[in-house]
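Have a look at the structure below, then the notes.
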Amino acid sequence: NGDMSQAQRATSVSGIDGTESGYKTLDRFYTEISSAGTWTQSQSTDVPTGQGFATSLKMDCTTATASPTFLSVETYNEGQNVQYLKKGTSSAESTTLSFWVKSSKTGTHIAELRDYDNNRTISQAYTISSADTWEKKTLTYAGDTTGAFGNDNGKSLGLTFFLAVSSSYSSGTLATSWESRTNANRAVGQVNLADSTSNEWYVTGVQLEAGTSASDFEFLPYDVNLQRCLRYFFSNTQDQWQFIYSQGDSTNGRSTWFFKTRMRTTPTISDITFGNSDYSSSGTQFENVDGLTIFTNGVSGSGVQCTGFNADAEL
């Protein structure tokens, strides 16, 4: 979702503060925040001209602070999807990150790669030279011969765009080579994007690839991009499905929904809604990577319809 085209959860969320870390709007992009003011995150139509993008991720400061603790936008990769980087071997590949960024605040910003399997990080600085102007950035990170990624569906390689940090994350020496994670070295030089309600930050065209040069952004068809996002999160808000009852039994019903694609792992199901009040909490539910089944278990359920739920299998 590097082109920011998929936003299943919402297209805008306000009031994001120190209690509000999580996935908010754009699929696959996580907001980490601690004592860094208050923000609105949205899917914006402000994009670099003539580059083929239709949407971007926007962060808008609505309550400022001169003393932030931490604010970042992050995305994560499964270990089995980044084996080609050969991390932890003598043949480890360099990695190149490219993206388009725009901000009202000029100066130094930091983008970090993080190895969650081995607790290692590497950071690179980029400079926003002109306020309120789209700029393309390309950053190359050396390969890491220490610590292989797990070959599984767990969180292995993370990308972090820092927006504001305290001295706890910036008082050391920037980790421009891979090292064991030391917070003080992660975001040295990062400007405080949280210091004014006039501050905004936009990003789109995020692409991470092996090698020391960036290729043109790989635009995926909308349906292919969505299908990949559905592996991690699925919001069913349109389809309705009826409970099925055995002949002569009006209290023990079953309803099953198969996900659009097999999910990364057994998802957490939330926000289940029903078309009437006949279903109660005494029913049970079962879910796996393929679908969700709900049983009424002795609850009167004549005409019950399930009208929505969220399935979350994020990293």
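The values are calculated or read from the model by the stated rules, or taken from the named source; none is laboratory data. Fair warning: this is a prediction, and the values are worked out from it, not measured in the lab. Note that we place each Cβ from the backbone using ideal geometry, even for glycine, and neighbour counts take in every protein chain shown. Keep in mind that these areas ignore ligands, DNA and RNA; they rest on the heavy atoms of the full protein, side chains included. Shrake-Rupley method; radii C 1.70, N 1.55, O 1.52, S 1.80 Å.
Kindly check whether there is at least one residue in the stretch 124-132 that is touching a Ser or Thr at 6+ places or on another chain (Cβ under 7 Å), over 30 Å from residue 105 (Cβ atoms) and of a type in the set (S, T, N, Q). Within the stretch 124-132, none of the residues are touching a Ser or Thr at 6+ places or on another chain (Cβ under 7 Å), over 30 Å from residue 105 (Cβ atoms) and of a type in the set (S, T, N, Q).
Specify the residue that is modelled with the highest pLDDT; the eligible residues are those in the stretch 264-302 that are closer than 17 Å to residue 237 by Cβ and more than 28 Å from the chain's Cα centre (by Cα). Ranking the candidates gives 294 first. Residue check: is residue 243 open to solvent by less than 60 Å² (accessible area, probe 1.4 Å) and at pLDDT below 95? Yes, satisfied.
Is it fair to say residue 256 is open to solvent by 40 Å² or more (accessible area, probe 1.4 Å), within 25 Å of residue 30 (Cβ to Cβ) and at pLDDT 75 or above? Judged against the criteria, residue 256 is not a match.
Looking for something farther than 20 Å from residue 75 by Cα and either in contact with a strand residue (DSSP E or B) (Cβ under 8 Å, 6 or more places away or on another chain) or open to solvent by less than 50 Å² (accessible area, probe 1.4 Å) (or both) - is there at least one such residue anywhere in the stretch 149-165? Lay out the reasoning, then the answer.
As a first pass, look at the stretch 149-165 and keep what is farther than 20 Å from residue 75 by Cα: none.
Looking for residues that are farther than 20 Å from residue 75 by Cα and either in contact with a strand residue (DSSP E or B) (Cβ under 8 Å, 6 or more places away or on another chain) or open to solvent by less than 50 Å² (accessible area, probe 1.4 Å) (or both), one finds none in the stretch 149-165, hence no.
The condition of being more than 23 Å from residue 105 (Cβ to Cβ), at pLDDT below 95 and β-branched (Val, Ile, Thr) holds for only one of 237, 182, 212, 173, that being 237. Give me the residue from the stretch 36-83 that is touching an Asp or Glu at 6+ places or on another chain (Cβ under 7 Å) and open to solvent by 50 Å² or more (accessible area, probe 1.4 Å) and, out of that set, farthest from residue 8 (Cα to Cα). Residue satisfying both the conditions and the ranking: 66. Taking each residue of the stretch 60-72 that is at pLDDT 95 or above and looking for partners that are surrounded by fewer than 17 Cβ atoms within 10 Å (Cβ to Cβ) and of a type in the set (Asp, Glu) with beta-carbon atoms closer than 6 Å, six or more apart or interchain, yields 72/32.
For residue 223, the conditions (1) under 20 Å from the mean Cα position of the chain (by Cα); (2) open to solvent by less than 50 Å² (accessible area, probe 1.4 Å) all hold with the exception of (2).
Residue-wise test of (1) of a type in the set (Ser, Thr, Tyr); (2) within 29 Å of residue 40 (Cβ to Cβ); (3) at pLDDT 95 or above; (4) assigned to a strand (DSSP E or B).
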{"residue": "187", "(1), (2), (3), (4)": "no, yes, yes, no"}
{"residue": "190", "(1), (2), (3), (4)": "no, yes, yes, no"}
{"residue": "203", "(1), (2), (3), (4)": "no, yes, yes, yes"}
{"residue": "208", "(1), (2), (3), (4)": "no, yes, yes, yes"}
{"residue": "219", "(1), (2), (3), (4)": "no, yes, yes, no"}
{"residue": "262", "(1), (2), (3), (4)": "no, no, yes, no"}
